[in-house]
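J.: Below you will find the structure I want to go over with you.
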Amino acid sequence: MQTNHLHPALIIDLKKIEENTRLLTNACKPHGIAVAAVTKVFCGIPQVAQAMIAGGADMLADSRISNLKKLKDLGVPRMLLRLPMPGRAHEVVEHADISLNSELTTLAALSAAAEALGTVHKVIIMTDLGDLREGVWHEELIPFMRLAVQYPGIHIIGIGTNLTCYGGVIPDETNLGRLIHLAHEIEHQFGIHCEIISGGNSSSLHLVFQNRIPKGINNIRLGESIVLGLETAYGERIPGTHRDCFTLALEVIELKNKPSAPVGNIGMDAFGQKPVFTDKGIRLRGILAAGRQDLNLGGIIPRDPALTIIGGSSDHLIIDFTESANTYQVGSIVHFDLTYGGLLAAATSPYITKYLV
Ligand SMILES: *Cc1c(COP(=O)(O)O)cnc(C)c1O
């Protein structure tokens, strides 16, 4: 790894992103499933999206219009994941080839915007199969469709669902089977061709790997599984994927032997909490130059397993180095893996320099 970086740094390995994407697209292909690679967690950095396309992604998907804008001219369709704001319908039609929808008001706005722009906007209607985040409740989908088909600027290209996001509902043959059944019913009743049946996110992958994914699902939207090599129904590592596409690198700015319990009368810490300490005697303590304003301190995991995070404030991260066999000094770089929440915060933080390797 290069050492001339400015820290704190987020180092992104494009080859590993490509390889993770390839492993997952190859797993989906035999089932007739296309992959929409989700770029939101890294704020739509075009080179990272490009690596996903090189790895076989069929489309790119993001929650934010501002990220989709960065992803034009990469040669694949762009999908808007978060339900559009009616007030920004114009931008949605301009920058997304496909959007996910669940409200007639929004479809009307998108239709009007598309007509004004002299185009037709493609939509996937989201169905809530029980997870209670977005989507038309599955029992209300058919009456909803009856009204949704009336907008001249809108082309409904299919239906989709999102699971394991709010309610923690795990995709299975029953809920995804219901999605396919609904697609057939819509095709039959309204003469719509469901060219896309989008069967969820990284939490649907276990069904693919176990050959249990219901036939008819022909699209999934994958974020975390590509970027972290994790499936999200059970939180397991996906064999053969890289866990370390992203590395957080922080620099040591102080390293000293100090007592493990503060000396003096204890009041409140910088965040108004009364801290509690266990006295472990004198420890080798280091300060790294990053804090809560830079990072989500709960979402970072030292690669050196002997390091323990003992605390942090707005600008400082305090680490216990005592147990490590490695030698650290002021100016040393400490590497971390990231959880999804940790990666989200690090990628979004203006204080962290991003490096593509
Ligand atoms: C973020 C998001 C995804 C990707 O989810 P992962 O668990 O990261 O694979 C898929 N669909 C929608 C609608 C999303 O918002």
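The values are calculated or read from the model by the stated rules, or taken from the named source; none is laboratory data. What you are looking at is a predicted structure, and each value in this text was computed from that prediction instead of being measured. Cβ: placed from backbone, ideal geometry, glycine included. Neighbour counts: every protein chain shown.
J.: Could you give me the residue pairs with C-beta distances under 8 Å whose first residue belongs to the stretch 219-232 and is touching a residue at least 24 places away in the same chain (Cβ under 8 Å), whose second residue is acidic (Asp, Glu) and within 8 Å of the ligand (Cβ to nearest atom) wherever it lies, and which are 6+ apart or on separate chains?
T.: Going by the 8 Å Cβ cut-off, the qualifying pairs are Leu230/Glu224; Thr232/Glu224.
J.: Specify the residue that is nearest to Leu343 (Cα to Cα); the eligible residues are those in the stretch 236-282 that are out of contact with any helix residue (DSSP H, G or I) (no Cβ under 9 Å at 6 or more places or on another chain) and among the acidic types (Asp, Glu).
T.: Among those that are out of contact with any helix residue (DSSP H, G or I) (no Cβ under 9 Å at 6 or more places or on another chain) and among the acidic types (Asp, Glu), it is Glu251.
J.: Looking only at the stretch 3-54, count every residue that is within 16 Å of the ligand (Cβ to nearest atom), without any contact (Cβ under 8 Å) to a residue 60 or more places away in the chain and more than 23 Å from Pro350 (Cβ to Cβ) and tell me the total.
T.: Residues meeting the conditions: 1.
J.: In the set Ser99, Ser63, which member is under 18 Å from Ile197 (Cβ atoms), within 16 Å of the ligand (Cβ to nearest atom) and modelled with pLDDT of 95 or more? Write out each step before concluding.
T.: Numbers: Ser63 fails: under 18 Å from Ile197 (Cβ atoms).
Answer to the check: Ser99.
J.: Right, something else. Out of curiosity, is Ser313 in contact with a strand residue (DSSP E or B) (Cβ under 7 Å, 6 or more places away or on another chain) and more than 30 Å from Ile226 (Cβ to Cβ)?
T.: no
J.: Would it be correct to say that Leu117 is in contact with a helix residue (DSSP H, G or I) (Cβ under 7 Å, 6 or more places away or on another chain), farther than 18 Å from Ile98 by Cβ and modelled with pLDDT of 95 or more? Steps first, please.
T.: Details: in contact with a helix residue (DSSP H, G or I) (Cβ under 7 Å, 6 or more places away or on another chain): yes; farther than 18 Å from Ile98 by Cβ: no; modelled with pLDDT of 95 or more: yes.
Taking the combined requirement at face value, the residue does not satisfy it.
J.: Cβ-Cβ below 6 Å, separation at least six or inter-chain, first residue in the stretch 70-88 and over 12 Å from Ile53 (Cα atoms) and of a type outside the set (Lys, Arg), second more than 16 Å from the ligand (Cβ to nearest atom) and at pLDDT 95 or above: which pairs?
T.: Pro86/Thr105; Pro86/Ala109
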